[in-house]
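The values are calculated or read from the model by the stated rules, or taken from the named source; none is laboratory data. Since the structure is predicted, the reported quantities are computational estimates derived from the model, not experimental observations. Every residue, glycine as well, gets a Cβ built from its backbone with ideal geometry; the counts of neighbours run over all protein chains shown.
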Amino acid sequence: MIKNLKEYKNKKKILIEHNKNYYDKNISKIDDASYDKLKRELLEFENYQKIPIIEKKVSEIIGFEPSKKFSKIKHPETMLSLDNAFDRDDIVDFYKRINNYLNLNSNHREKLFAEPKIDGVSASLKYIDGKLVQGLSRGDGEFGEDITENLKTIEDIPKKLKKLNTGELIVRGEVYIPKSKFKNLSNKFANPRNAASGSLRQKDAKNTEKIPLRFFAYGTIFMNHNLESRQSKFLEFLKHQGFKINPLGKIINDEKDLLENYKILENKRSELDYDIDGIVYKIDDFKLQQRLGNLTNSPRWAIAHKFSAEKGISKIKNIEIQVGRTGALTPVAKINPVNIGGVTVSNATLHNEDEIERKDIRIGDTVVVQRAGDVIPQVVQVDISKRDQNSRKFIFPKKCPCGFDTIKDYNKVTKKFDAVRRCPDKGYECNLITKEKIKHYVSKDAMNIEGLGKKVVENFWDLNLVKLPQDIYKLNFEKISQLEGWGKLSAENLKKSINKTKKISLEKFIYSLGIRHIGQENAKILAKYFQSIKTFKKVIFAKKNIFKELLELDGIGETQINSLKNFFSNNTNKKVFEELIKNLSISDFIIQSKGKFINKTFMFTGGMEKMSRSEAKQIVENEGGKVLGSPSKKLDYLVTGDSKPTVKKINQAKDLGIKILKEKDWYKLINF
Ligand code: IVH
C-alpha cells in the first residue's frame, strides 16, 4: 500500500522505467506478477488520493509513449473520424442528410456497405508499383507518424501486392490484437486496443514483431476510386491483392436490412476473436461518396452505428455542478471508481436537472453507469432495491457557482424552455466559464497548443498565471521552470509550442474564440466570407455591424447571427479579441488558385433535378469560385434551376447583363 505522494512518485518513476525497458529496449527487469502488483498499487492510490494536476497518472499512461521518435508525414488525404449514430432515428437522419445533399427523393435508400467497426488503431499504407513503401499512423489526422518498419512486421499486411504492379495505391485499415492472444500477453495494457497502439509504436520494430498484431483493410482515398466503382467491389479487389478483409461485411438496402444486421452482429460480438464497437455504414457507390465529400472531421458518406455501451455498477458519493464553456450547468455524479471495459470511471454525467428528477437519482444511490467509446460516461439507472435511508435528494442550484442567477433558453420551435440551465455570462465574468474558454482556446481543434492541456490550464489558473486567453502570451517561462512538476526542459517545450502556434489560420482562430453556435464548420464559412482578420475586425468594430448580411451564407442562420452579435456586443470579448490578434499572425483564408471557376461568381435560383443547392455550391467552391446570395455587378453567372426559379432575380440579372445558365447548361459546364 502506497502511503504518500512521495512514495507514489518514486514508484511511478520505477514503473515508467520498466515500461521503457520493455517497450523501447526489449528487456524486462521485473517479473509479470511484481509488475502487476506495482501497477495495481499505483492505480489504487490514484483512485483514492488527489494527485497534483501536473502529474500524469498511471491510468492515463498507455504503455510507453515514444511518439516523438517517429518522423511526421502528411497524409495525402486527411484521415477523418466518423460521426456516430446510436439509434434508428440517427440512422434515418443519416439517410435524410444524404438524400438532401444529393437531391434525392426523401424515401430513397441508397445502397450501403456495412462493416464491423474494429476497435483497434488505424493505419495508412502506401504502395508504389505494387510495393509497400510507407506506413503511417493516424496521428492528428493530417500528419501521421512514420511507423513503416513496425507495420511491415504484421503478417496480414502484404509487402508486395499480388497483382497490381503500377501506380500508387493507399490502403487504410485497422491494426488489432485478437482477444485470445491478448489474454496471453503480459498485463501491461488494460485492453487489446491499448495493447495494439502501444506495440505498434515501439522504437525497435523487432519488439513489434513479437506481438500478435493483425490487420483488416477497409478503405482507400478518393484518389484511388478509379480502381473500382464501389466499396464492396474495392474490398474484393483488396482481397485479391493479398489483404485480409473482414468477412462480415454486407450490402444494406434499407432500414429493415440495416437493423437486422445490427442485431445479428451485436449478438455475434462476444464470439468474435477481435473487439468491435459498432458497425460502419458507407455509401457503396464511390461516385456518390465523392459527390458527398467530407465535413471538417468526418465524411458525409459514412457513419458509425455504435453498439450499446458497456455498463458498470457504482455508488454516487456526491453530485457536483460543472459549468461548460457556453455556460451550461451540468450535474456530474462523483462515483466510487469502477472499471468499465478497461477504463476507470469516477465521474458520470447526469445531463440536467430534469433527467435527475425523471430517473429519481439521489446522492448515496447505487447506480448503473455506462460508457460508450469516447462519449462521456453517464448514469443510466438507479437500483432502487439498494437505496438506503441515508440517500438524499439533490437540490439543483438556481445560481451558477459564480453567483449569477441562471436562465433557461426559450425554444421558439418547441415552445418550451430548455432543460439546461445556463449562467448568463456574456464575457469573462464567470470564472468557471472563463476557465473552460481558455481550455477550448488551447485545445486540439482550436489553437492546438501542445503541453497546455486542461490540467495545466487549471494549474496556471490557480497560480494566477493565466486568467484570460491572452495571458498565455505573457507567461514567464523562467518562473514556470521552477514550479513543482516543471523543469527547464518542459518550460522550454511549452514556450516552443506556444510560439509555434502563433501562426494560425483565420478559420482556426475564429473557432478558438469559442463563440456559441460557431463550431468548426461555421468558423470555416465565416473565414471564407471575411477572408482576412482585418475585414473580420472591421465588421466587429463597425458602428452598425453587418452580421445580418451573413444570412446569405449557407449554414449561417438567425441563431448564429444572434450569437455573434451577443458575443461582440460585450466589451471584454472585444478586448480579448484585440489582445489575441496582437499576439498572433493570422493568415488569410486560402483562396484556391487552381480550378476552372477561379475569380468567377455564381448565383443559383430555383431547384435542380440532379443536385441540391449545397452540392452545387460545393462544386463551385471546389473549382475556386464563389457563390453569391443576390445579383449584383460582381455576379458572373446566374444558374436557373428548372423548378420555380425567381423571376425577379432573372430580370435583375438580365438588366445587369449577367450570363444566365439553364439547368442543363450548368450540368454541361461541370461535365455532370
Ligand atoms: S472507415 C473516413 N471502416 O473507426 C473514415 N473505419 O471513428 C473512414 N474503424 O479512425 C473510416 N473499423 O480507425 C472505417 N470498417 C471500418 C472501421 C473503421 C474501424 C475505425 C478507424 C477510424 C475510426 C473512426
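Values for this structure:
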quantity	calculated
Selection within the stretch 371-392 - of a type outside the set (G, A, S), more than 32 Å from the chain's Cα centre (by Cα) and either within 21 Å of E436 (Cα to Cα) or surrounded by 12 or more Cβ atoms within 10 Å (Cβ to Cβ) (or both)	D383, K386, R387
Residue satisfying all of: in the stretch 118-135; within 13 Å of the ligand (Cβ to nearest atom) and not small (G, A, S); modelled with the highest pLDDT among these	I118
Number of positions in the stretch 195-237 that are of a type in the set (D, E, K, R) and more than 27 Å from A302 (Cβ to Cβ)	5
Y35 being aromatic (F, W, Y), modelled with pLDDT under 90 and either surrounded by 14 or more Cβ atoms within 10 Å (Cβ to Cβ) or part of a loop (DSSP other than H, G, I, E, B) (or both)	yes
Selection count where residues are buried (at least 18 other Cβ atoms within 10 Å of the Cβ), among the hydrophobic types (A, V, I, L, M, F, W, C) and not in a helix (DSSP H, G or I), scope the stretch 191-222	5
Odd one out for T366, checked against (1) polar (S, T, N, Q); (2) farther than 28 Å from E44 by Cα; (3) in contact with a helix residue (DSSP H, G or I) (Cβ under 7 Å, 6 or more places away or on another chain)	(2)
Filter result (among the β-branched types (V, I, T) and either at pLDDT 95 or above or more than 9 Å from the ligand (Cβ to nearest atom) (or both)) within the stretch 78-117	I91, V92, I98
Test result for N261, within 12 Å of the ligand (Cβ to nearest atom) and at pLDDT 95 or above	no
Test: residue in the stretch 192-204 that is polar (S, T, N, Q), under 30 Å from D89 (Cβ atoms) and within 15 Å of the ligand (Cβ to nearest atom)	no
Qualifying residue in the stretch 316-339 (condition: within 22 Å of V92 (Cβ to Cβ) and either within 16 Å of the ligand (Cβ to nearest atom) or modelled with pLDDT of 95 or more (or both))	no
Qualifying positions in the stretch 338-352 - in contact with a Leu (Cβ under 9 Å, 6 or more places away or on another chain) and more than 22 Å from D277 (Cβ to Cβ)	N352
Failed criterion for K534 (all others in (1) of a type in the set (D, E, K, R); (2) in a helix (DSSP H, G or I); (3) in contact (Cβ under 8 Å) with a residue 24 or more places away in the chain hold)	(3)
